[in-house]
Amino acid sequence: MSTNWRLYETSDGGNVDRELGLGIHVLGSGAAADITFSNQTVSRRHARIEVTETGVTIEDLDSTNGTKVDDKPVIDPVSINEGSTIKLGSLVLTLEPASPKPAPFRPNRDVGLSSGESVLLGPATVGFLRSAGEEVNFNAGDIVVRRGEQQEFFYVVIEGVVELSLGGSDSHRPPLARIVEGGIFGAESVLSKAGAAVDSVAVTDVRLLRYPALSLPSALKESASLRKKLLGGIARNVHKATADALDSMREKEVIARLVQGDNDPDTLVAVSAGSKAIDKKINTAAETNGPVLLLGEDGTGKTLAARLIHDRSPRSGGPLIAVNCRDLAPARAAELILGEDLGGSLPTGDHSSGGVHLAHGGTLVLRGADQLPASVQHLLGSFLVRNKKRKPKEYPDTRVVMTARETEPPSEGRDGLVPSIAENCDETIKLPPLVKRPKDIMPLAEVFLNRHGPNPPVISEGARQALLSLRYQRRNNRHRGSSAGYWS
């Protein structure tokens, strides 16, 4: 049974073509979906496909327009067979086993490439291009277009695979993208009348449709399908290049946090009975070695509690790594947390290790774990299960502490925590908001004021009454208290 499947649109104008590996994949039109569609009849979280070693199943997620497999409505999770037709509303998809990849491929994330995301043409559009094009063949390893060459043609892959790289067939040069059957390359250079930005190399024996550059403007005028896909693809690539640049900048900041750890000088203020009870739970959690879940509103001190668990544990001499999950690009979150193998078993020192490897011997704090995509949370839950079975000190020997607002599962348009996270945590601690521990308000105000210099202002009676009158509800209890204490 295949564990790699291809899911692609067969609706008119569809351009989604994705490979599905083991795990859960949420389909929908919203940002929380793993695979997104622009079709208006698709709900934000429409359906969920699960790929296992024994087969593929699909489940409707209470969508507005329903899910069908081979024209049968999906009420409960059902199996999908090879070649099955899936309907999400009016969107039509097909599932089939993915073709074996010719060779391992790792794209270079440090190099921008406008044509890195190939445009796939349908049979009708390829047939239209045949009228002025001609078929040509290349052997595996042949260079179809050399970097810098002025392009007189653009190409459509009829059969085989073409790789775009900066160094021809030299295996030491990083590959940038692969163009598969139906993919087009070279058109952007033709339109811009610039030299080829990369080498185009045949990975396998290939059969290509070569189309003359001089005929492209008239072809775009005559074929609405070609115009939509080619120019739309260029627009998407410009948008993607901008988004990738922002993601890369954000990712570097996240990785810097991973290496630096968390050195916030906050101290725990525990005067009220509720806070003292939390302090005891922190001590209890520190004595264990398993994963911990910290719940509470923003500003209730979850990150501080996570650091205290680390500081009071036998792991205090090891690294403490804290990262905001909201800062991770969804497509890279699993890799950054768990490493590229997504299973937490990379060798010590591997440059592709994730946060669980960098924190070996210490603690990894995932702030806002409920804001991770559901598919990443499922992988994290599986890691927690595997981690409990590891031998003492076995790499990566990392305790995971997660923070979240609540344990409600994710729903359409709303963040949440998948059940496998809470179920596999040894300790769950809920931190109350400041409104439920009023005896901590004045001691906290003193702590905040003491940060403003050696001679902090004295809190007057009027200021004290003002601080105690605030309700400290909803978000940012800590920051509201800090600001109110300072200005009072």
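The values are calculated or read from the model by the stated rules, or taken from the named source; none is laboratory data. No experiment lies behind these values; they were computed from the predicted model shown. Cβ: placed from backbone, ideal geometry, glycine included. Neighbour counts: every protein chain shown. The accessibility values were calculated without ligands, DNA or RNA, using every heavy atom of the protein model including side chains. Shrake-Rupley method; radii C 1.70, N 1.55, O 1.52, S 1.80 Å.
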For region 202-215, 3J(HN,Hα) per residue [Karplus equation, 6.51 cos²θ - 1.76 cosθ + 1.60, θ = phi - 60°, Hz, x = Gly/Pro]: 6, 7, 10, 4, 10, 10, 10, 9, 9, 10, x, 4, 5, 8
Rounded accessible area of residue 442 (nearest 10 Å², 1.4 Å probe): 40
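Could you give the accessible area per residue of region 373-459, probe 1.4 Å, as a whole number in Å²?
Numbers: 4520 Å² over 87 residues.
Here the residues of region 373-459 average 52 Å² of exposed surface.
May I ask you to list the trypsin sites (Lys or Arg not before Pro) in region 375-414 that are in a DSSP loop and have at most 11 other Cβ atoms within 10 Å of their Cβ? Intermediate values should be presented prior to the final figure.
Numbers: sites: 386, 388, 389, 390, 393, 399, 405, 414; in loops: 389, 390, 393, 405.
Here the trypsin sites (Lys or Arg not before Pro) that fit, given the DSSP loop and packing criteria, are 389, 393.
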Order by protection proxy (mean Cβ within 10 Å, highest first), peptides 328-339, 130-141, 85-96: 328-339, 85-96, 130-141
Under the Karplus curve 6.51 cos²θ - 1.76 cosθ + 1.60, θ = phi - 60°, whole-Hz ³J(HN,Hα) for region 375-392, x wherever Gly or Pro sits: 5, 6, 4, 4, 5, 5, x, 5, 5, 4, 5, 5, 5, 5, 8, 6, 6, x
Unsatisfied cross-links (Cα-Cα over 19 Å) in the set 281/430; 281/391; 302/391; 280/388; 281/389; 87/228: 281/391; 302/391; 280/388; 281/389; 87/228
